[in-house]
1. Bin all alpha-carbon pair distances of the stretch 24-64 at 10 Å intervals from 0 and give each bin's fraction as a whole percent.
2. Averaged over every viewing direction, what's the projected area of the C-alpha convex hull for the chain? Give it in nm², one decimal, please.
3. Nearest 5 is fine: what % of DSSP beta bridges in the stretch 5-78 come out antiparallel, could you say?
């Protein structure tokens, strides 16, 4: 089974070698069919501390790195302005 990839925006980079990424998911409401956005935060491993708040990044599933870190930084798609 291939590893999952997600794309989101960095909302925190205060921790050492860790970033918090907000990933938006869009699904229709079961009854009313309106498209609803739900956000989820993931902690990802950033080995070289290259990300800053506002960057758009892609993260990939990995083995558990710490108590609640299960994702790793794959690439920086776009740097923040």
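Laboratory data are not the source of any read-out in this text; all were calculated from the coordinates shown. Keep in mind that this is a model prediction, so the values were computed, not measured.
1. 20, 39, 25, 15, 2
2. Numbers: hull surface 26.9 nm².
Directional mean of the projected Cα hull area for the chain stands at 6.7 nm².
3. Numbers: 25 of 27 bridges.
Around 95 percent antiparallel, to the nearest 5.
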